[in-house]
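Each remark here refers to the structure printed beneath this line.
The values are calculated or read from the model by the stated rules, or taken from the named source; none is laboratory data. For clarity, every value in this text was computed on a predicted model and none was experimentally measured. We place every Cβ from the backbone using ideal geometry, glycine too, and count neighbours over all the protein chains shown. What goes into the accessible areas is simple: the full protein's heavy atoms, side chains included, and nothing from ligands, DNA or RNA. Shrake-Rupley method; radii C 1.70, N 1.55, O 1.52, S 1.80 Å.
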Amino acid sequence: MKKEWKRRELTILVLYLLAFYTFIILRSLQLSHDHQAKLYGLRPGWLLPPRLNDVSDAQWRNFRGNLPILTVVFGIFAALANFLRAFLCLKAKGMSIVWLFISLVYLSYLHGACTVFILAIASVNFLLVKIFARTPYFSFVLWIFNIFFLLCNRVYEGYSFSTFGQRWAYLDNFRGTFRWHICFNFVVLRMISFGYDYHWANLDTHFDQKRHLQRCDTCKSGKTCYQFLQERSGSNDNLSFIIYISYLVYAPLYIAGPIISFNAYVSQLDMPQNNYAARDVSLYGLRWIFSFLLLELLTHVFHYNAFAISGLWKLLSPVDIFIIGYGVLNFMWLKFYLIWRYFRFWSLICGIEAPENMSKCINNCYNLENFWKNWHASFNKWLVRYMYIPLGGTNRKLLNIWVIFTFVAVWHDLEWKLLSWAWLTCLFFIPEMVVKSAAKRLQAESTFGEFLFREFSALAGAVTITCLMVANLVGYVIGPSGINWLISQFLTREGLPILGGMFLTFYAGTKLMFHIDDAKKKQH
């Protein structure tokens, strides 16, 4: 009876969502066609001529435009590094020198003379870590120093050489092709990672490797899990200045990550990653090419981001506002998926495995915690290790999320809309926790108890997805000033049925995700 009920429910859900996506696709095509002449950022396309391609997103446009030269450069870097490793039998110290040389050549092209700012700040951070690592003031000094420069870099837009005297002013003509203070956000995370890993190594924090190897399925299979790489402290030789700098500016992950901890980086300098064989890396690259072609197809036929950039969606009906907002979030997901996996692909070829970002599709996440674990997953691991646990972990969860998300917003940029996104996300954590708590109380072994539990969980998922959409649209598209406008559009006679339909769709989507999770559990 239970299996039959679930089978019928699954059939109804699939039919409903097929109808939903059919409507979304047809309406998106119509919107893109009707408003094409008024949209900004459309260029002649190559995939489906004569259709125009939506390259209105500056980040995607720059990455896409530089793909050919990036691929040539990283191909040369990977071939050189792997040849020297094999020919000279290099370990951590030798490979750090190789990567330091390669990465400084790369940085010289990207930032020109401004590379000296990166090296100067990094050197001071190294000295502070060495001096204060064994003192009770270590955390305070490390965070104050790094947040200070994180803010100053933005306020002064990477500084000017003329500030240090007119005899240095000529260096402002050699600032490279990419703003160094934008990339430095990732360097800050790496400096903090080195600081804490060095600090904990000096405290002799005990990691039971034998016990871990007995319990970890990944390590028992002959591979190496990320936790093992991250928790295992290196020798004092691996804590040298050269290895530290090579970690900060490691070329394949320098621009956008994914973020890898210092311990994990050093471990793989000594012994290259063994989780991906050459065939696996090749398949990873082929999947990336397929995903790239998919996004090219989507930006040729749907112009979601151009609607957001042009501001035209404010003139649309509530149902069309929902379609554009939903489309923008899916575009953002696939854009970041491609950027992060491209750089991770080159890092894998070079023997360094970083955590995978975007391990789940955006349409397969129904709670905030799960969403953040799978969106910028490597950043989430960093936040858990270097912020969440030192701040008290689950004992102070509701307080910790405010500190962490505020830092995440400031780390991205100094903008009110990002702080609004951070604080809205924290607020939305509260109803999710309340509904989750209520759902767990209703959980029982009986069929009716399980039914109630799933229904409450599905309602919680629908609330969460709605909150996530609002928070991300405020943070990345309409800004805090657009909140009142967004609410006013849906609290009208025309908007309320659309709001109800959205909630029903998110509810149905959450129920379908439950079925997907059940199928995965059966497989395992």
Determine the relative contact order of the chain: mean sequence separation of Cα pairs under 8 Å and six or more apart, normalised by residue count, in whole percent. 17 percent
So with the 1.4 Å probe, I'd like the accessible area per residue for the stretch 334-385, rounded to whole Å². 26 Å²
Just add up the charged neighbours of T71: K/R +1, D/E -1, any other residue whose Cβ is under 15 Å from the Cβ of T71. +3
Which listed pairs, of K381/K522; K335/K360; K360/K511; K91/K220, have C-alpha distances above 20 Å, in listed order: K381/K522; K91/K220
So what is the relative contact order of the stretch 1-129, in percent, for Cα pairs below 8 Å that sit 6 or more residues apart? 9 percent
Folded to 0 to 90 degrees: helix 2-34 orientation relative to the chain principal axis, Cα: 80 degrees
Please enumerate, by chain and number, the lysines with C-alpha under 19 Å from the C-alpha of K223, excluding those fewer than 8 residues away in the same chain. K210
Helix 115-132 axis, angle to the chain major axis (alpha carbon atoms, nearest 10°): 80 degrees
Give the Rg (one decimal place) followed by the Dmax (whole number) of the chain, computed from C-alpha coordinates and expressed in Å. 24.7, 84
With just the Cα atoms defining each centre, how far is the stretch 248-288 from the stretch 317-333? Give it in Å. 33 Å
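Taking 0.36 nm per residue of sequence separation and subtracting the Cα-Cα distance, how much length would be gained by fully extending the chain between D34 and W46, in nm to one decimal?
Values: separation 12, 0.36 × 12 = 4.32 nm, distance 2.11 nm.
Extending this stretch completely gives an extra 2.2 nm.
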Reachable lysines from K38, Cα under 18 Å, same-chain residues fewer than 8 places away excluded? K314
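Give me the percent of the accessible area of the chain that comes from carbon and sulfur atoms, probe 1.4 Å, all protein chains in place.
Values: 16780 of 25700 Å².
Its accessible area is 65 percent carbon and sulfur atoms.
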As I understand it, the value is the acute angle between the Cα axis of helix 58-88 and the longest principal axis of the Cα atoms of the chain; what does it come to in degrees, rounded to 10? 40 degrees
Run the lone-cysteine check on the chain: no other Cys C-beta under 4.7 Å from the residue's C-beta. C89, C114, C152, C183, C225, C350, C361, C365, C426, C467
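If the chain between L414 and E4 were fully stretched, how many nm would it gain, using 0.36 nm times the residue separation less the Cα-Cα distance?
Working: separation 410, 0.36 × 410 = 147.60 nm, distance 5.36 nm.
Using 0.36 nm per residue and subtracting the Cα-Cα distance, I get 142.2 nm.
Any chance you could run the full-extension gain for Q59 through L452? It's 0.36 nm times the residue separation minus the Cα-Cα distance, nm to one decimal. Mind showing how you got there, number by number?
On the way: separation 393, 0.36 × 393 = 141.48 nm, distance 4.45 nm.
Result: 137.0 nm gained on full extension.
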